[in-house]
Every structure is written in structure tokens, then in C-alpha cells.
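Visitor: One structure, pasted below without further comment.
The values are calculated or read from the model by the stated rules, or taken from the named source; none is laboratory data. On a predicted model such as this, the values are computed, not experimentally measured, just so you know. So basically every Cβ, Gly included, is an ideal-geometry build from the backbone, and we count neighbours across all protein chains shown. Just so you know, the surface numbers come from the protein's heavy atoms only, side chains and all, with ligands and any DNA or RNA stripped out. Shrake-Rupley method; radii C 1.70, N 1.55, O 1.52, S 1.80 Å.
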Amino acid sequence: MLHVYDNKIHPNNEKRIESLILKKKFISGERDHPALPPTGQTCELSLDVDEDGIPKEEILQLIQQDLKGQEFEKLKSLKLKRAYINKFVPEDKPYFHQDSDAIYTVLYYSSLAYKDLNELGFTEFFYGASINGILPMPGRIVIFKGDIYHRATSCRTLTRHTVALKYNYG
């Protein structure tokens, strides 16, 4: 299961999310497998909520307020277990992996400078005999089952940021 959605996040929210991401501090990335070196960089986002259940992290507020409609209903029965930002610079070479800690993973592509197919930066999904690439178009949201093998690819000249939201049972 893989779904791609465009134009779900309000343009003003897209700009605000990108400006907030650019102010974040990142640490060395994650290992996609214990035997492999870490790739990229990450920044954890707080899952704390206020008394009304609204995330205190503004990036999450802005994304979640625009995730409306039938296509996002499946997420309501699950709990957001982890939220973070992935950062890949040119020449980073991430590995294929599964999100074993997620029933569904939601990716939000925030790099507003991305405009050119030849810039690369796809998220690649492995399906047995084929690999499908999803362009990191600004504001795009991708929802997929956590057990699908996937990986980021770096852009040629741009830094690539994605917000990753991992949903699982309560």
C-alpha cells in the first residue's frame, strides 16, 4: 500500500514548516540495519500535546491540521509513536530498510527549492523485481505500510528534508 498526495498542505503552512526545519539542530543519522553505517542526519520532534490533544511541536500542528479527508482516516485509529526530520545532503547514500516500528509511515517533503527531476532525491520503494521512485515535490505527502522496503536518495545539489511520522497501535 502506497499513496501519494499533493496540495494537501496549505502553501503558507509549507513555507512555515520549511522555515522551522531550517532552524532545527540535527544529529548523525540512523542505521538502517545494525551492520550498516548511519546515513544522513535526523532531528527528533516532540510528541508532547497540550490539554486539548494538540501537538506542542509547531511542525506537527501545521501538518496534522491539513491532513483531512477520507484518505487519512486510517491514521485516526492509530497513535503517532514517533516524529522526526530526515536530512540528506548531496552524496549521502542511504540503504533500503523497513520501518518495523510503524504500521504506517507518513512522509512530508518540505524542500521548497526542489523543481527539477534531474535533481533526483526520490524515495525509492522496492517491490520484488522493481523499484518505484517518488519525486520529493514540495508539500507532497506519501503514506505507506511500514513493512515496505524503501530508502531515500540524496539530491545532486540540494539538501533534502522530509518529516517522517510513524503510526502504530496505541
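Visitor: Would you pick out the residues in the stretch 77-125 that are without any contact (Cβ under 8 Å) to a residue 40 or more places away in the chain and either among the aromatic types (F, W, Y) or in a loop (DSSP other than H, G, I, E, B) (or both)?
Guide: Correct list: S77, K115, D116, G121, F122.
Visitor: Sort through K68, K24, K15 and tell me the only one that's open to solvent by 40 Å² or more (accessible area, probe 1.4 Å), touching a strand residue (DSSP E or B) at 6+ places or on another chain (Cβ under 6 Å) and either more than 20 Å from P94 (Cα to Cα) or not in a helix (DSSP H, G or I) (or both).
Guide: It is K24.
Visitor: Right, next: Within the stretch 128-170, how many residues are exposed (fewer than 15 other Cβ atoms within 10 Å of the Cβ), out of contact with any Asp or Glu (no Cβ under 9 Å at 6 or more places or on another chain), touching a residue at least 12 places away in the same chain (Cβ under 8 Å) and outside any loop (DSSP other than H, G, I, E, B)?
Guide: Total satisfying the criteria: 0.
Visitor: Has the stretch 45-52 got at least one residue that is open to solvent by less than 60 Å² (accessible area, probe 1.4 Å), in contact with a Phe, Trp or Tyr (Cβ under 7 Å, 6 or more places away or on another chain) and not in a helix (DSSP H, G or I)?
Guide: yes
Visitor: If you don't mind, there's one more thing I want to ask. Does K74 satisfy being in a strand (DSSP E or B) and open to solvent by 40 Å² or more (accessible area, probe 1.4 Å)?
Guide: no
Visitor: Using beta carbons and a limit of 6 Å, which pairs, at least six apart or on different chains, have the first residue in the stretch 60-72 and over 14 Å from L20 (Cβ atoms) and the second one at pLDDT 85 or above and aliphatic (A, V, I, L, M)?
Guide: Listed by first residue and then by second, the contacts come to D66/I9.
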